[in-house]
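A quick write-up on the structure given underneath.
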Amino acid sequence: MTNAARMNRRQLIKLGGLAAVSCFGKAPMAPGVQLYTVRNQILEQPLTTLQSIADIGYREVEMLRNQVRTAGPLLKSVNLTPVSLHFETPLLTGNRVAWQHADMPPIEAGVTYEGCVSLARDHGFRYLVFNYLTPEERLGLDFYRSLADKLNEAAQKAHAAGLQFCYHNHDFEFQPKPGGRPMDVLLKHLDAKLIRLEVDAFWVSMAGVDAAEFIRAHADRVELAHLKDRAKGTPIHYDIATVPNETYRELGAGDLPLRAILDALAHSKARHIFVEQDFSTDPIASLRQSYAYLEKSGYVR
């Protein structure tokens, strides 16, 4: 029996991935999971859920602040590495009322941004991410200029603790407003030395923007990325709350130009990619399907 015959399927695909390095521009990254994907399962069976993720082949995770106490101590036992932490944005905007109106998970008394910085540092995370604005907060461009000032200040505190601060986009930042788009204001006023981008290619695309081109245009600022696919024929959209659940698809099961997006990420300063499935009847099966796509594409290290 030849050496090739002794190799299992995954080993062969990984060899193919080495050949894909020249196509993508650099060695493939180890894909991770945004644990929002398994938010319900983490509450019910944290260890089993994390083990299932690791068994698929994922090696890194991005977490929500309210998952850390339960799931954080279990990561090492299943060989998963904490990379990035998302926190509740009212801790910086101060608008807890809007957060409640949007039916977001309640924030416990005493939780502060400074506490999140300490939490991330103490649990081995490397990134701290501002990830959302409620509909009531999506105001005119002056609001986004003011927000940028707040985020720059917050990023200084993160850097002092050895953390990299990032901004995660959705679709609404690309909606044209009088005077321009919020995203353009943020890109102009966020301190590029302090704040990097976590580009969610799905949401960029939902706004009718070419995600690969956006990544290429800001390649020096992109360090993290979210990946999922989109149902074919989805129209331009700027309100994430009204997106039908069936719009969210596993990688390779939709209409996004994923190869172009992956290539753009490979030619950027992106260091970590996270698969995220916002809604799925079987999140673990969805994560397995998306991993298989990345593996087949030669994007698994």
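Matching residues to (1) surrounded by fewer than 17 Cβ atoms within 10 Å (Cβ to Cβ); (2) touching a Gly at 6+ places or on another chain (Cβ under 8 Å); (3) modelled with pLDDT of 95 or more:
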site	(1), (2), (3)
Met63	no, yes, yes
Asn66	no, no, yes
Lys76	yes, no, yes
Val97	yes, no, yes
Ile107	no, no, yes
Gly115	yes, no, yes
Asp149	yes, no, yes
- [ ] Only residues that are in a helix (DSSP H, G or I) and either buried (at least 22 other Cβ atoms within 10 Å of the Cβ) or at pLDDT 95 or above (or both): list them for region 218-265, please.
- [x] Asn245, Glu246, Thr247, Leu258, Arg259, Ala260, Ile261, Leu262, Asp263, Ala264, Leu265
TODO: Might you let me know whether region 106-119 holds any residue that is more than 22 Å from the chain's Cα centre (by Cα), closer than 23 Å to Leu187 by Cβ and not in a helix (DSSP H, G or I)?
DONE: no
Task: Enumeration of residues in region 74-90 that are part of a strand (DSSP E or B) and of a type outside the set (A, V, I, L, M, F, W, C) - done: Thr81, Pro82, Ser84, His86
Open item on the list: Among the residues in region 120-129, are any part of a helix (DSSP H, G or I), in contact (Cβ under 8 Å) with a residue 24 or more places away in the chain and surrounded by 20 or more Cβ atoms within 10 Å (Cβ to Cβ)?
Closed with: yes
TODO: Scan region 169-187 for residues that are in contact (Cβ under 8 Å) with a residue 12 or more places away in the chain and among the charged types (D, E, K, R) and jot them down.
DONE: Asp171, Glu173, Lys177
- [ ] Among residues belonging to region 39-61 that are out of contact with any His (no Cβ under 7 Å at 6 or more places or on another chain) and among the acidic types (Asp, Glu), point out the one that is nearest to Met104 (Cα to Cα).
- [x] Glu44
Task: Selected residue [more than 26 Å from Gln45 (Cα to Cα) and among the aliphatic types (A, V, I, L, M)] from Ala285, Ala292, Ala266 - done: Ala266
Task: region 251-301, residues that are hydroxyl-bearing (Ser, Thr, Tyr) and either in contact with a strand residue (DSSP E or B) (Cβ under 6 Å, 6 or more places away or on another chain) or without any contact (Cβ under 8 Å) to a residue 24 or more places away in the chain (or both) - done: Ser268, Thr281, Ser290
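The values are calculated or read from the model by the stated rules, or taken from the named source; none is laboratory data. None of the values given here were measured: they were computed from a predicted structure. Neighbour counts run over all protein chains shown; Cβ positions are idealised from the backbone, glycine included.
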